[in-house]
Amino acid sequence: MLDADPDYPADEDGVELDAREIAPLLGLTPERLMAELRAGEVYHSAEECGREDDGRVRVIFRYRARTARLIVESDGSMHPEDGLNN
């Protein structure tokens with residue numbers, strides 16, 4: 001689901017996200033984010049959002065007291081979910 005290389009091909013069954021875009025939302029460097037994911041300290045989940053046919057996915061990352069909520073559009077672009085990141 002998460003890779004530090006933006007050129008890494010997308011998984012057929014999921015969404016590929018760039019650690020360099022997510023790490024700052026959790027107060028981490030990309031390298032630290034990947035290490036914390038491997039250690040089981042960063043939790044994440046994904047769910048379809050919106051209508052079934054629009055292809056949008058909500059991805060939520062949690063690390064300690066911080067939460068990053070992102071919307072991944074059907075074209076692969078990503079943006080924070082309005083007003084819900086801390």
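FYI, it's all coordinate maths here, none of it is from the lab. Values in this document were obtained by computation on a predicted structure and should not be read as measured data. Cβ placement follows ideal geometry from the backbone for every residue including glycine, while neighbour counts extend to all protein chains displayed.
Which value in nm describes the separation of the simple spin-label points at ASP75 and ARG38, placed 7 Å from the Cα toward the beta carbon?
It works out to 3.5 nm between the two label points.
What full-extension length gain, to one decimal in nm, is calculated for THR29 and VAL15 as 0.36 nm per residue of separation minus the Cα-Cα distance?
Once the chain is fully extended between THR29 and VAL15, it gains 3.0 nm.
Return the distance in nm (one decimal) between the two label points of a simple spin-label model at GLU47 and THR67, each offset 7 Å from Cα along Cα→Cβ.
With each label placed 7 Å out from Cα toward Cβ, I get 1.1 nm.
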